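Peer 1: Before I ask anything, here is the structure I am working with.
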Amino acid sequence: MASNLGYALPMPNSTVAPTGRRRALQALAFAAPLVAVSCSSMESEEQLRHDKADIREVIENWAIFRDAALWDKFQTVWHSDGYMMATWFQGPATEFIKVSRDGFERGVNILHFLGGTNTEIVGNRAIAMTKMTITQRAPVHDTLVDVICTGRFYDFFEKRDNKWAIVLRRLFYESDRMIVLDPSKELKLEPELLASFPVGYQHLAYLQTKLGFKVKTDMPGLRGPEGQALYAHGANWLAGKPIDDAKK
C-alpha cells in the first residue's frame, strides 16, 4: 500500500514488523488533517487586553492627577463632553475640574484610593467598575475628622480617535465611617440629620452638608433600586443607546 507521502507501507496483514520510521510514516498517513489556527482571533484577544489596560490607566490617572492637583493633566482623562456625578457635584467635567481646583486652593482635602477593576467592552464603548475609597478631612462641629467612604467608580467609556476616555462617571457609595482625629475629643452628631442620608454615605453627606454643599440624596449604594437602575443605564450604553438618562 502506498501512502500519500509516496512511501510504500506494509499491508495491514504483513508479517514484517514495521521499523520506527515506518511507524511514523503510518501515523502521518492516517492522521486527521490539521486545523488552521485563526490569527484574527488571537489579534482580537490581544486588542482586548490593550483596550482594558488603556482604560485602567485612565482610571488610575484620574485619581493621581486630581489628588495631586495636576489640573491640565486631569483634563486628559475626559472626553470633551465628559460628565461627573458625585454626592456634592453633578455637571460637566470642565466645571468639575474648575470647582475641584477652587476647592483645593481653599484647603479642601479629598483623596482617593483604588482597588480592582472590571471592564466590559462592546465595540468602542465600555463600562468599567473600580473599587475605591474616598477620604475627606474637615472639621465637624469644631472637631477635625476623617470620613472614609468605600464604594465603586462606575465609568462610561468611549474610544474616539483611538483614545479611551470617560464620558460619564457615576459612583456607588457602599459604606462609610467618621473618625475623630484627636482621641481626647468627643463628637456628637445631629441624629436626625445623619439619618436623613443613605446609609452608604451618611457620614460623608453629613460632613459635606456642614461644609455648605448641597448633597444629592439618591446616589446608588450596595443594595436598592438606584443601583439596579445604574446597571440598566450601563447596559443601554453598551447597546449603543444615548446616555442622557444616566445623568439624572
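Peer 1: Using Cβ contacts closer than 10 Å as the measure, can you line up VAL215, VAL122 from fewest to most?
Peer 2: Lowest count first: VAL122, VAL215.
Peer 1: Sort 176-183, 95-102 for me by packing, meaning the mean count of neighbouring Cβ atoms within 10 Å per residue, highest on top.
Peer 2: Ranked by mean Cβ neighbours within 10 Å, highest first: 95-102, 176-183.
Peer 1: Next up: Mind listing the phi-derived Karplus ³J(HN,Hα) values for region 170-179, rounded to whole Hz, using 6.51, -1.76 and 1.60 with θ = phi - 60°, and x for any glycine or proline?
Peer 2: 10, 9, 9, 10, 9, 6, 8, 8, 10, 10
Peer 1: Now for a different question. Going toward the positive end of the dipole of region 149-248, with +1 on Lys and Arg Cβ and -1 on Asp and Glu Cβ, which of ASN236, LEU187, LEU204 do you reach last?
Peer 2: Working it through, the farthest residue towards the positive pole turns out to be ASN236.
Peer 1: Within the set LYS98/LYS214; LYS214/LYS247; LYS188/LYS210; LYS98/LYS188; LYS52/LYS131, which residue pairs have Cα atoms separated by over 22 Å?
Peer 2: In this structure, LYS98/LYS188 lie more than 22 Å apart at Cα.
Peer 1: Under a Cβ-Cβ cut-off of 10 Å, what is the net charge of the residues other than PHE153 that fall near it, where Lys and Arg count +1 and Asp and Glu count -1?
Peer 2: Residues close to PHE153 contribute a combined charge of +3.
Peer 1: Mind putting a number on the dipole of region 39-240 about its Cα centre? Charges go on the C-beta only, +1 for Lys and Arg and -1 for Asp and Glu, and I need it in Debye to the nearest 20.
Peer 2: Magnitude of the dipole: close to 200 debye.
Values quoted throughout were computed directly from the atomic coordinates according to the rules given, and no laboratory measurement underlies them. Just so it is clear, the structure is predicted and the values come from calculations on it, not from any experiment. Neighbour counts are summed over all protein chains in view; Cβ atoms, including those assigned to glycine, are modelled from backbone coordinates with ideal geometry.
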